[in-house]
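Structure record follows, encoded as structure tokens.
The values are calculated or read from the model by the stated rules, or taken from the named source; none is laboratory data. No experiment lies behind these values; they were computed from the predicted model shown. Here the Cβ positions follow ideal geometry from the backbone for every residue, glycine too, while neighbour counts run over all protein chains shown. Heads up: the accessible areas ignore ligands, DNA and RNA and are worked out on the full protein's heavy atoms, side chains in. Shrake-Rupley method; radii C 1.70, N 1.55, O 1.52, S 1.80 Å.
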Amino acid sequence: METKSYKVQTNGKGVCGKTTVNGKTLNENGVNRNGVNGNGVHHVNIKGALYPIKSKSRRQRWEVKPSEMANNTLNPIRAIVDGMKLTPNPDKPMIALSIGDPTVFGNLPTDGAVLQAMKDAIDSQKYNGYAPSVGYLQSRQAVANVYSCPEAPLEAEDVILTSGCSQAIDLAISVLCNPGDNILVPCPGFSLYKTLAVSMGIEVKLYNLLPEKSWEVDLQHMESLIDERTSCLIITNPSNPCGSVFNKKHLQEILKVASRHCVPILADEIYSDMVFPGCSSPSMASLSSDVPILSCGGLAKRWLVPGWRMGWILIHDRNDIFGTEIRQGLVKLSQRILGACSIVQGALEQIFNNTPQSFYNSTISFLKSNSEICFSKLSSVPGLTPVMPSGAMYIMVSVERVKNFKRDSERELLLNKKVCLIPTKQHIKKRGVTQDFCTTAKPNRVDQHQSLHDRNTRFMLFIHN
Ligand SMILES: Cc1ncc(COP(=O)(O)O)c(C=O)c1O
């Protein structure tokens, strides 16, 4: 006798639509109305008879708790930024130094061609449906065309479209690591890596970046951390939060470490091409002869549209080390949710083809000039030592730790002095004084003298409070 049962959800008046078991319709109007109970759920055996659910639960009272994953998820930046909304203080305007969203101050609009591409995608009515989980082939091809180079050629099949670079990082970590594995993450670094890894039971090992060497990787330290369970090495270049750009030689040195220990690289290259004149930043993949690389990027920064949530993973695996398994793993993970918005996918090709070079140039020159102003003004504040950036959107400032200085006191700072910046884990001792590093984003209107004056005064108050 068949004992299998099926759950049937009803709408209170009877079953919604027809219920079919083994190809037989149970009842035209739904299951026997008399048998419908309050919550409308029945078990129906294979012959169509109804019987009440026998409870297998001993629960007597409500106890709904957040999952371990939820409890283990903390994004410190979001916690600070989201928390800011709770702290209105009418006496002084906010000087926001913590925001990496280039759209917030209205002074860095995206290009008209980017907007037009979106409008055309909407008007075409071609992108209102579900795209394949890894993205439309044509859109993947468009990304491949932009990032392919002779040293690291890409085809459409090497591209997976995601919801922002964040989902790209999420998929990349998820496909490479198991709980109990570890990943190597830069310190100071972008906080999302740890947020994602810890929630998945992956250990995070921080390798140092060296402020005195323009935030290059401490290679010896990095190598000393690698063990049997190291499943990937994260490299952020150009860097958030340091604003640094690694040169070719340094990238090659990093690749040698990865190659010696057979560890793949997750290259976070969301700021690729956002480097100041005079610096160059080859992609990690263009320099790799053997190390397989998942390069994560997106539209957010270079095209100044972080809210459009368009990102990608570029799979570089010339020696077939990832093989089909990692590729299939990425495809499977992308099927959990369809991440990338169809309309933005529809606009991609036009965005890449029509954005004028002058737009990219003017963004870079704005960021460079802001960096120079920040650097010179911050240098004049006793206790602060900024490190001149070479790209991206941030400038690191070393803050002398004096008496009463409270580390991680950004909330307090926000409340009292209305300056918001992001502390990092990096601190060094110089001539007996500890220096903490904070990062500050540059899209704000630093060109206004008053704002700078205010900012510096408040910085001083912060340090010496
Ligand atoms: C280094 C780095 N990687 C990834 C991201 C996330 O990018 P997205 O907004 O496309 O998810 C950011 C955003 O600030 C970032 O700075």
Residues being modelled with pLDDT of 80 or more and assigned to a loop (DSSP other than H, G, I, E, B) - total across the range 58-82: 12
Does the range 289-302 contain at least one residue that is part of a loop (DSSP other than H, G, I, E, B), aliphatic (A, V, I, L, M) and under 28 Å from residue 136 (Cβ atoms)? yes
Any idea which residue in the range 267-312 is modelled with the lowest pLDDT, counting only those that are farther than 24 Å from residue 134 by Cα and within 15 Å of the ligand (Cβ to nearest atom)? 281
With criteria (1) under 13 Å from residue 140 (Cα atoms); (2) among the hydrophobic types (A, V, I, L, M, F, W, C); (3) over 22 Å from the mean Cα position of the chain (by Cα), residue 352 comes up short on (3)
Output the qualifying pairs, or none if there are none: Cβ atoms under 6 angstrom, residues six or more apart or on different chains, first residue in the range 197-218 and assigned by TED's automatic domain parsing to the domain that holds residue 168, second residue among the hydroxyl-bearing types (Ser, Thr, Tyr) and open to solvent by 30 Å² or more (accessible area, probe 1.4 Å). 199/73
Enumeration of residues in the range 354-364 that are away from the ligand (no atom under 16 Å from the Cβ) and touching a residue at least 60 places away in the same chain (Cβ under 8 Å): 354, 355, 356, 359, 360, 364
Which listed residue is of a type outside the set (D, E, K, R) and within 16 Å of the ligand (Cβ to nearest atom), from 245, 263: 245
Go through 313, 351 for me and flag whichever is in contact with a strand residue (DSSP E or B) (Cβ under 9 Å, 6 or more places away or on another chain), surrounded by 23 or more Cβ atoms within 10 Å (Cβ to Cβ) and under 18 Å from residue 160 (Cα atoms). 313
Cβ-Cβ under 6 Å, sequence separation 6+ or interchain: first residue in the range 256-276 and in a helix (DSSP H, G or I), partner hydroxyl-bearing (Ser, Thr, Tyr). Which pairs? none
Cβ pairs under 6 Å, 6+ apart, first in the range 309-322 and in the same structural domain as residue 334 (by TED's automatic domain parsing), second open to solvent by 20 Å² or more (accessible area, probe 1.4 Å) and among the aromatic types (Phe, Trp, Tyr): 314/147
With criteria (1) surrounded by 21 or more Cβ atoms within 10 Å (Cβ to Cβ); (2) among the small types (Gly, Ala, Ser); (3) farther than 30 Å from residue 336 by Cβ, residue 224 comes up short on (1)
